[in-house]
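Worksheet: the structure to be examined is printed underneath.
The values are calculated or read from the model by the stated rules, or taken from the named source; none is laboratory data. Quick caveat: nothing in here was measured; it's all calculated off a predicted structure. For neighbour counting, all protein chains shown are included, and Cβ atoms are generated from backbone atoms with ideal geometry for every residue, glycine included. To get the accessible areas, we keep the full protein, side chains included, count just its heavy atoms, and leave off ligands, DNA and RNA. Shrake-Rupley method; radii C 1.70, N 1.55, O 1.52, S 1.80 Å.
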Amino acid sequence: MTRVSTFCSICSAFCGFEAEVENDRVIAMVPDKDHPMSRGFSCSKGRHYHHMLNSPNRVTRCRKRVDGDWHAQDKGQALDEIAARLRKLIDAHGPESVAVFCGNGVTFKALTMPSVHAFMQGLGSHQIYTSLTIDQPAKIVSVGRHGVWAAGGHSFESARVLMLIGNNVLVSGLHGPGSIPGWQPGALKQARKRGLKLIVVDPRLTETAQQADLHLPVKPGTDAALLSGMIRHILDQDLHDAAFCADFTEGLEALEQEVAAFDLATTATITGLQPELIREAAEMFARQGRGSVSSATGPDMAPHGNLTEHLISSLNSLCGRHNRAGERVAGSLLTPDFPPIAAVVPRELMPETLNPAANTRRSRVRGAHQLFREMPTATLAEEILTPGQGQIKALLVIGGNPALSVPDRAQIHAALQELELCVCIDGRLTETADMADYFLPASYGLEKTDMTVFNDIFWGAPYHQVSQPVVPPPGEATDEYLYLAALAQRLGVTMSYPGGAIDTADPPSPMDLLDLVFPAGSTRVSPRDIAAHPRGQVFESFAELEVIPALEGMHERLRFMPEGVAEEFAQLRASLDSADDEGDYLLICRRNPHVYNSMCHEFPQAPDDNALFAHPDDMAAAGLASGQRVRVCSAHGEIDATLQQDATLRPGVVAISHGFGGKSGGTPVNALLSSNESTDRYTHIPRMSAVPVSLAAASA
Ligand code: SF4
């Protein structure tokens with residue numbers, strides 16, 4: 001048995017592990033106590049990662065569906081046929097008839113997304129869809145509208161106060177920049193000893209909320225109103241950083257007018273909180289001087305997610321929670337080696353992914369906007385089902401399961417069945433693969449070269465890790481980029497990366513491709529220098545960079561009232577005036593610690609059901625009991641679920657995990673959701689949390 005340093009890439013926490021390997025088989029995953037970042041932390045998913053590789057459900061040969069049944073097919077033959085069918089569709093309907101959907105299985109893989117973009121750019125199609133736009137697109141919208149402070153926000157280590165909205169970091173292990181590192185056991189405890197104040201906004205008394213100074217059990221979907229009330233109170237009390245606002249922001253007076261309606265009493269009525277609690281939270285956040293407010297998935301999936309994220313950015317800027325000239329900050333390894341600057345990044349220098357001016361494509365469906373160089377997943381089904389120029393005819397699904405994850409289950413199923421060609425690149429036959437024409441077996445994380453791609457902005461340390469394959473991929477399984485290169489070669493398509501084009505007939509090794517994704521000059525440290533340290537490395541020379549003053553000509557300002565925000569305030573006020581939201585209960589999403597959305601359900605500890613959690617008082621009032629099957633009805637659909645009591649929930653709120661149903665057992669929540677009920681005028685992310693529902697005993 002040998003031990004190999006690696007990391008878990010199921011989620012973007014990238015915890016360090018030592019894989020125990022015997023006869024080319026991973027037999028155990030041991031959390032790495034000496035890992036510079038995670039220091040022995042892991043969740044149960046990482047400790048069972050090898051079950052994904054060794055699962056009896058693993059499919060390692062290419063398959064083709066013939067008359068409804070899968071048949072094994074030679075890999076070269078499968079690629080020839082897929083390329084020929086793609087060519088026919090492109091010739092008849094144009095390159096934009098070809099789309100790609102990428103799910104959580106690959107969105108954190110260093111080589112896959114750059115290769116998807118290279119392939120699609122070569123093809124001439126912008127039709128890239130991922131789970132991002134049905135998860136937290138509002139964070140990207142917020143960065144594009146509010147602007148970016150080049151020297152970053154206050155670090156966790158220097159924070160005196162943190163406010164977390166809908167982020168149970170002690171369970172998810174995931175956190176935003178400047179927040180509690182969920183994978184550092186004891187970090188919160190130590191910070192509390194040095195005096196850190198913690199405010200948690202969550203409809204549930206979560207594990208993290210139990211550690212907080214203040215817990216605000218907010219009514220789901222009212223985070224934007226709460227933030228408006230806090231901002232108004234901070235301005236009323238002159239607790240904001242007036243000097244920072246004067247020097248580096250614009251639109252404060254207009255924001256002040258918008259939040260004027262949200263006095264403490266009104267905000268309390270809307271949010272279901274005590275006015276005194278809102279006042280205390282606002283003053284605690286503003287008076288502590290250092291620290292940030294951040295959020296996770298729930299607030300972005302609920303109505304008014306864009307306004308919520310904008311007000312989070314605005315609250316941080318209002319209180320001046322940005323690093324200033326003379327302070328020392330950790331530098332990111334994967335950005336060019338410029339000193340951190342105490343100024344707003346000029347729009348023209350923003351990365352293409354974040355710059356609205358570089359994302360000008362619009363969907364045929366409701367004019368939804370391109371974001372992060374991706375098209376909005378809320379429109380995917382209708383883009384397939386709507387005839388006309390630009391209709392999607394072929395879909396490559398890579399590491400994703402849209403049949404289970406995309407809102408409006410009936411619509412996405414109809415769309416997948418309507419496709420003229422559907423190809424799944426994955427390690428198992430998902431519900432989506434059940435509707436595909438071809439299956440190409442993919443290697444999993446421990447079977448490929450990979451790199452932690454963006455997390456040093458969350459880690460607060462100049463750290464990255466490159467992992468080499470711990471075991472060889474089984475059978476015909478291979479890296480997704482090699483399939484894309486093989487198709488590109490057959491289609492005569494060029495795949496270009498930041499460092500240049502590849503020879504698709506003789507694709508580069510993963511390390512050579514990493515050099516093209518992160519070419520010399522684009523990063524402080526090259527992937528090869530990172531790879532020289534199998535456990536990864538904190539590059540100390542970038543750990544404490546001095547922030548320099550703004551350079552000549554840097555006059556950009558952080559925007560409190562950019563385009564669209566006034567309309568979103570009007571939308572918020574209109575929704576508060578209507579009674580539309582008032583179902584019997586509001587359904588929120590809840591992360592199950594043992595699975596990752598529709599992934600990891602083959603792990604031994606994964607539950608085979610996603611219970612519906614409700615407050616015991618609500619259950620008693622409705623005459624319902626734990627263990628009972630209930631019918632959950634929304635305006636869009638209905639599902640049956642097993643009821644489980646949870647006294648930590650706010651009364652009137654019920655919670656369930658997404659990603660269940662079909663082969664993994666449990667119930668598919670996407671059947672309750674509409675694909676076109678949205679308050680987001682950019683990506684049209686559907687209402688996926690704070691969904692009004694009713695409950696009744698399910699008929700036997
Ligand atoms: S799934 Fe768990 S072990 Fe793996 S990276 Fe995420 S938090 Fe860490």
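Restricting to region 276-314, what's the tally of residues that are outside any helix (DSSP H, G or I) and either under 17 Å from residue 236 (Cβ atoms) or of a type in the set (Lys, Arg) (or both)?
So the count comes out to 1.
So that you can scan it fast, the table gives a plain yes or no per residue for (1) within 16 Å of the ligand (Cβ to nearest atom); (2) modelled with pLDDT of 95 or more; (3) within 30 Å of residue 423 (Cα to Cα):
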site	(1), (2), (3)
5	yes, yes, no
10	yes, no, yes
32	yes, yes, no
58	no, yes, yes
69	no, yes, yes
76	no, yes, yes
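Could you grab me the full set of residues in region 373-396 that are open to solvent by less than 10 Å² (accessible area, probe 1.4 Å) and within 24 Å of residue 636 (Cβ to Cβ)?
375, 376, 377, 378, 379, 380, 381, 383, 384, 392, 395
On the given criteria, is residue 678 of a type in the set (S, T, N, Q), open to solvent by less than 20 Å² (accessible area, probe 1.4 Å) and either modelled with pLDDT of 95 or more or not assigned by TED's automatic domain parsing to the domain that holds residue 379 (or both)?
Answer is no for this residue.
With the requirement that a residue be open to solvent by 10 Å² or more (accessible area, probe 1.4 Å) and part of a helix (DSSP H, G or I), what does region 108-133 give you?
Within region 108-133, 113, 114, 117, 121, 122, 123, 131, 132 qualify.
When the residues of region 243-265 are filtered to those that are assigned to a helix (DSSP H, G or I) and aromatic (Phe, Trp, Tyr), which remaining residue is most open to solvent (accessible area, probe 1.4 Å)?
248
Looking at residue 588, is it open to solvent by less than 50 Å² (accessible area, probe 1.4 Å) and assigned to a helix (DSSP H, G or I)?
No.
Sort through 188, 196, 162 and tell me the only one that's out of contact with any Lys or Arg (no Cβ under 7 Å at 6 or more places or on another chain) and either in contact (Cβ under 8 Å) with a residue 40 or more places away in the chain or open to solvent by 20 Å² or more (accessible area, probe 1.4 Å) (or both).
162
Counting only residues that are farther than 30 Å from residue 674 by Cβ and of a type in the set (Phe, Trp, Tyr), give me the helices (runs of 4 or more DSSP H) lying completely in region 385-484 with at least 1 of them.
Of the helices (runs of 4 or more DSSP H) lying wholly inside region 385-484, those with at least 1 residues that are farther than 30 Å from residue 674 by Cβ and of a type in the set (Phe, Trp, Tyr) span 456-459.
For every residue, the table says whether it meets (1) without any contact (Cβ under 8 Å) to a residue 24 or more places away in the chain; (2) of a type in the set (Ser, Thr, Tyr); (3) within 16 Å of the ligand (Cβ to nearest atom).
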position	(1), (2), (3)
595	no, no, yes
599	no, no, yes
610	no, no, no
614	no, no, no
617	no, no, no
621	yes, no, no
626	yes, yes, no
631	no, no, no
635	no, no, no
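Could you check, for region 516-526, whether at least one of its residues is open to solvent by less than 30 Å² (accessible area, probe 1.4 Å), within 30 Å of residue 261 (Cβ to Cβ) and not in a helix (DSSP H, G or I)?
no
Quick one: in region 36-49, of everything that is buried (at least 22 other Cβ atoms within 10 Å of the Cβ) and at pLDDT 95 or above, which residue is nearest to the ligand (Cβ to nearest atom)?
Across region 36-49, the extreme among qualifying residues is 46.
What is the residue count in region 658-675 for residues that are under 24 Å from residue 217 (Cα atoms) and open to solvent by 10 Å² or more (accessible area, probe 1.4 Å)?
1
Which residue is most open to solvent (accessible area, probe 1.4 Å), if the candidates are limited to region 24-35 and must be in a loop (DSSP other than H, G, I, E, B) and over 9 Å from residue 471 (Cα atoms)?
Ranking the candidates gives 33 first.
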